[in-house]
Each structure stands twice: as C-alpha cells, then as structure tokens.
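The values are calculated or read from the model by the stated rules, or taken from the named source; none is laboratory data. Since the structure is predicted, the reported quantities are computational estimates derived from the model, not experimental observations. Cβ coordinates were reconstructed from backbone atoms using ideal geometry, including for glycine residues, and neighbour counts include every protein chain displayed.
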Amino acid sequence: MMGEANGEAQAAKVMLRLVDLRKSYATGPIVTEVLRGVTLDVYQGDFVSIVGTSGCGKSTLVNIIGLLDQPTSGAYFLKEREIGAISDTELSVLRNQSIGFIFQSFNLLPRLTALENVAAPLTYRGAAVSDMLSRAREMLELVGLSDRLGHRPSELSGGQRQRVAIARALVGTPDIILADEPTGALDAETGDEIMGLLAELNTRHRLTAIIITHDYGVARKCARCFRMRHGVLSEMALSAKRGRD
C-alpha cells in the first residue's frame, strides 16, 4: 500500500519542494543548528505527516513551510516558484492564497460567529461580503456544521471549533493545508474524528495536507509519514510507524 501511495504521489504535480533546508540561530558566539539539511517533496493530493518530540525542529519547519520564516540556507519551492527570490509583500499574498493553516488552539476570533470566522481570510482579497459569506457557508457545510453558522466559539465543542478552523483553512482554496498539532487540544475520540475528516477531504477532494504532530498514532493515519529527530527529516516505512524515539 505504501508503494502504491508513493507511486501515485510521484505521478502528481509537486506542490512543495524543500532542498537541503538549514536553519540556525546565533546567541552571541553560540550557534544552534535547528534544521540540518531537510529535503522533502509534497505532491498534489498528498497526505503527509511529520512526527517528532518537542525540540526536534518541527515548529521551525512549520514556520518556514508556512512562509513565516526563512531558512538560513537551502531552497524552498512552492508550485515550482523559489520562495527565497520573492519580496515580503509577495510572501504575504502567497501565504494568504496558497496555504491554509490549522492550529492546535483553533485561533478563532471569540466575538465572531462560525460563519464570520470562516469568511475572515477572504477580507484580505477584497471579495464582496455576500460572496465571502456564501463561500464560508459552503465550507461549513462541507465539514458538517451547517447548523452552527451563527454560533460563537464559546458555544461550540472542541471538535466543532476545530471543524470551523478546518473550514476557515479551506475557504480560500489553498494549494496546501498545514495542520500544526490539529488534535493536540482534543480528546482521543474527537481527535480521531478530526483526522477522519481530514482523510476524507484528502480522498474525496484531493486536499493536499501536511500534518505536524508529536503523536505517532495520529502520524500513521497519513499515507506518508516522516520523522524529525535533531533537525533531520527521514521517511518512515509503514512497519516503523508504530515505534517511538
């Protein structure tokens, strides 16, 4: 099954390519190397997980993939466009249009309804309010929350809030969904439900998703699984996904 998944992925378009990415931080004379030559291809319709313990470099990699930080060296291509060659203004536009974020803490605006939270990213594109709300309603229906449009985050369960966050990530039709610990704030049953929803969106709508997690149980629900250790990324075979560091 793993070979079939990789074969299908490699026949698809490369959405994201990381080539020998390195990231280091200097504190006085001390240089700490956080990423040590990360190389990764993510294909259209891929369902990828990156798993590792705290301090392994996952958060740094998320910030770089999410266009929130730049590597010290190496190359990052998004849809064949090298990120290091574009301006900060272009980066902001690209981030808004190409990457949908899902966070552990949901990051919903408490005073807005579910519908308004989902529509919010479209305000940066200058869309008409009616069009934004129509698109947001469509996304909430997609994640099974058509009956919660007017509810604020405090009126929703954790699983429902994460579904709102998924709908918000999808509303701008991004090229890639980047989910940082999407089940971290949820109980096991609700976490399984959210991973099932992401897997269904991947299968039925060819959603390209990268799941960042510390949980090997969550990681092995994805078609391809990579482990980050000490700033080095390596692909795990299916038989190895059940182990831990």
field: Subset of the stretch 146-201 (residues that are within 26 Å of ASP46 (Cβ to Cβ), of a type in the set (S, T, N, Q) and surrounded by 18 or more Cβ atoms within 10 Å (Cβ to Cβ))
entry: GLN162, THR183
- request: Answer yes or no: is there a residue in the stretch 115-134 that is touching a residue at least 40 places away in the same chain (Cβ under 8 Å), among the charged types (D, E, K, R) and not in a loop (DSSP other than H, G, I, E, B).
  value: yes
- prompt: Out of (1) among the polar types (S, T, N, Q); (2) modelled with pLDDT of 95 or more; (3) more than 25 Å from SER24 (Cβ to Cβ), the odd one out for SER73 is which?
  reply: (3)
Pairs where the first residue, in the stretch 83-107, is at negative phi and the second is at pLDDT below 90 and assigned to a helix (DSSP H, G or I), C-beta under 7 Å, 6+ apart: ASN96/TYR124
query: Of everything in the stretch 157-198 that's assigned to a helix (DSSP H, G or I) and touching a residue at least 60 places away in the same chain (Cβ under 8 Å), which residue is farthest from LEU133 (Cα to Cα)?
result: LEU198
- prompt: Does the stretch 205-212 include one or more residues that are surrounded by 19 or more Cβ atoms within 10 Å (Cβ to Cβ), in a helix (DSSP H, G or I) and touching a residue at least 12 places away in the same chain (Cβ under 8 Å)?
  reply: no
- prompt: For the stretch 96-114, what are the residues that are of a type outside the set (S, T, N, Q) and in a loop (DSSP other than H, G, I, E, B)?
  reply: PHE106, LEU108, LEU109, PRO110, ARG111, LEU112
Number of the condition not met by SER154 [criteria: (1) in contact with a Pro (Cβ under 7 Å, 6 or more places away or on another chain); (2) in contact (Cβ under 8 Å) with a residue 60 or more places away in the chain]: (2)
- prompt: Do you know which of the residues in the stretch 80-95 that are surrounded by 12 or more Cβ atoms within 10 Å (Cβ to Cβ) and either hydrophobic (A, V, I, L, M, F, W, C) or closer than 12 Å to ASP175 by Cβ (or both) is nearest to the chain's Cα centre (by Cα)?
  reply: ARG95
message: Just to verify a result, which residue in the stretch 36-76, among those that are of a type in the set (A, V, I, L, M) and part of a loop (DSSP other than H, G, I, E, B), is nearest to THR208 (Cα to Cα)?
response: LEU67
